[in-house]
1. Which residue out of 90, 25 is modelled with pLDDT of 95 or more and over 30 Å from residue 141 (Cα atoms)?
2. How about region 74-86: which of its residues are farther than 16 Å from residue 47 by Cβ and either in contact with a helix residue (DSSP H, G or I) (Cβ under 9 Å, 6 or more places away or on another chain) or in a strand (DSSP E or B) (or both)?
């Protein structure tokens, strides 16, 4: 290196300074990007996670509300619910529109105790804890999904004291 410096001292030193300055700017930018990067919150499909924040939230921005939803429990406690598989982000603002936090929300299937039955290209999902019962998951075969959803809706009406329109025997 000293040989290069002795041959063209002014041009090499200037190039070296430009290179070091450029590398410093790139490194500082990269560190700033790491600080601003959202933290990850993994939520299971059809389940909820609590999200505690250090100061009161005034506004919530959800990137894709079909993937996740947020319910306010208190000014500093939120409930994030996974609605469909995928990724989205949630940005929380205070009353002065300052960012409190930004969360990357990843909605995944809870693989524990879930059995998927494949019939050709169709899929049926079962929750096996401890016995296997039909459940619905995005991507299940349409007829199966509709049948399980209708039975679940009928069951909810029974719980709420509503008329199911059946002969009193309930679902299946």
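1. Within the list 90, 25, the selection yields 90.
2. Scanning region 74-86 gives 74, 77.
The values are calculated or read from the model by the stated rules, or taken from the named source; none is laboratory data. Given the structure is predicted, the values throughout are model-derived calculations rather than measurements. Because the Cβ atoms are built from the backbone with ideal geometry, glycine has one as well, and the counts that use them run over all protein chains shown.
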